[in-house]
Amino acid sequence: MDGISKNNAAETSRSGFFTKSRAAVSLLFLVNGFAVGSWAPKIPEFAERLQLSKFELGLMILVFGLGSLLMMPLAGAQITGRGSKVVCKVMAVLLLPMLLILTVVQNVWTAAPAIFLFGGFIGAMDVAMNANAVAAEKSMRRAIMSSCHAFWSLGGLIGSAIGGYLISHWGVLGHAEVATVLSIVFLVIAWPMILSDQPHPDEEKPKAKLPMIPLPWLLGMMALFCMIPEGAVLDWGALYLRQDLSASVTLSGLGFAAFSLTMATMRFAGDFVRDKLGAVMTLRVCTAFAITGMVLASLAPNAELAILGFAFCGIGISNMVPIAFSAAGNVPGLQPGIGISVVTTMGYSGMLVAPSAIGFAAEHVGFSAVFLALPVLLLVVLCFSSLARYADGIGGGGH
């Protein structure tokens, strides 16, 4: 039986570089990133429609983060009992109408629950698709996490790049309708190919417990400190370019687009780079790029240089989060669903902490000073970079 399993694994590794299951999970990442990228250029109009100050907008985005934080652990628990395939499908379907709903809300009382659900469905789907990617990595016996996150960034790039143009020419409702139709198309293609990873019933109860070892929590802290700068660019990049650097509507949308472009490009190369340099060295090099980019963006005298800084930051952040997620899915003695749930929940709490804190600080000192402070968090990631060695447990040179 062992011989048959090894032969099957070897055959999968040889013939399945881009299998149906890999294509499906890549499209799930694309849909999730596209939803987030489509939301980014809508934020200034959303704030104007509801007449929100920077701090009030920060509180509204805080509600987005709360939705994510509450739904992620619930998704992790569902994955242990039902598998990531079911959770991916349900959350993706629930996510589809949210951009349309956020486009038509007219007051805080309807916008708050809508943005809460939007954040919740984004976060829950994120946990499920990362768990599905780890399952696909193991079935294929090769690293695919960085390229999966590349598709998330590609989705973010497409969503943010076309968003400003569509909003300017077709209006916010036309933009939301186009984005929703494209998301449906992507999901329909992925639907029949999503990898089924139904767990064994006798493993369900142990999986539901929180881990009592420090490693997943440390990896979660690393993900958190990587994703706070990412959240800063997503939630405040357009407003920073528009208000502080006098960029046009279209140009202000290119901040997150440039960030997503370089991030996607480097993530497609990330698995190859990890195999050559190892996860630890890859993480260290990426962190140096992220620090350089954030400093450049914060000190830029014009929008063009700030966008270049965001592009450098995208190069850096590109493989930091995938490495943390891969490491979480390979913590010794811990089920992947639970490890990933802990790390994604802590990581995405960066989307909770950053918006309100940055909004409050920007009211007093401006965005430039806030962005200049963010590299301190990345220095902490650099200090713990040796933990990235657990990410080399999959798809490394030994396979």
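The values are calculated or read from the model by the stated rules, or taken from the named source; none is laboratory data. As the structure is a prediction and not an experimental result, all values here were calculated from the model. Note: ideal-geometry Cβ built from the backbone for every residue, glycine included; neighbour counts use all protein chains shown. Quick note on the areas: whole protein, heavy atoms, side chains included, nothing else; ligands and nucleic acids left out. Shrake-Rupley method; radii C 1.70, N 1.55, O 1.52, S 1.80 Å.
Restricting to the range 148-165, and then to whatever is more than 17 Å from Met125 (Cα to Cα) and in contact with a Ser or Thr (Cβ under 7 Å, 6 or more places away or on another chain), can you tell me which residue is modelled with the highest pLDDT?
Gly159
Only residues that are under 18 Å from Leu382 (Cβ atoms) and hydrophobic (A, V, I, L, M, F, W, C): list them for the range 303-334, please.
Phe312, Cys313, Ile315, Ile317, Met320, Val321, Ile323, Ala324, Ala327
Out of all the residues in the range 81-94, which are surrounded by fewer than 24 Cβ atoms within 10 Å (Cβ to Cβ) and in a helix (DSSP H, G or I)?
Those that are surrounded by fewer than 24 Cβ atoms within 10 Å (Cβ to Cβ) and in a helix (DSSP H, G or I): Gly81, Arg82, Lys85, Val86, Lys89, Val90, Val93, Leu94.
Among the residues of the range 238-249, count how many are surrounded by fewer than 24 Cβ atoms within 10 Å (Cβ to Cβ), in contact with a helix residue (DSSP H, G or I) (Cβ under 7 Å, 6 or more places away or on another chain) and either without any contact (Cβ under 8 Å) to a residue 40 or more places away in the chain or closer than 19 Å to Met60 by Cα (or both).
1
Take Leu100 and decide whether it is of a type outside the set (Asp, Glu), open to solvent by 10 Å² or more (accessible area, probe 1.4 Å), touching an Asp or Glu at 6+ places or on another chain (Cβ under 9 Å) and at pLDDT 90 or above.
Against the criterion (of a type outside the set (Asp, Glu), open to solvent by 10 Å² or more (accessible area, probe 1.4 Å), touching an Asp or Glu at 6+ places or on another chain (Cβ under 9 Å) and at pLDDT 90 or above), Leu100 qualifies.
For the range 253-265, what are the residues that are of a type in the set (Ser, Thr, Tyr) and either surrounded by fewer than 22 Cβ atoms within 10 Å (Cβ to Cβ) or modelled with pLDDT under 80 (or both)?
Ser260, Thr265
Which condition number does Leu117 fail, the rest of (1) more than 22 Å from Gly350 (Cα to Cα); (2) part of a helix (DSSP H, G or I) being met?
Answer for Leu117: the failing condition is (1).
List the helices (runs of 4 or more DSSP H) that sit entirely inside the range 276-395 and contain at least 1 residues that are open to solvent by 10 Å² or more (accessible area, probe 1.4 Å), at negative phi and at pLDDT below 85.
336-348, 350-365
Name the pairs whose Cβ atoms lie under 7 Å apart, with the first residue in the range 216-237 and at positive phi, the second surrounded by fewer than 24 Cβ atoms within 10 Å (Cβ to Cβ) and part of a helix (DSSP H, G or I), and 6 or more positions between them or separate chains?
No pair meets every condition.
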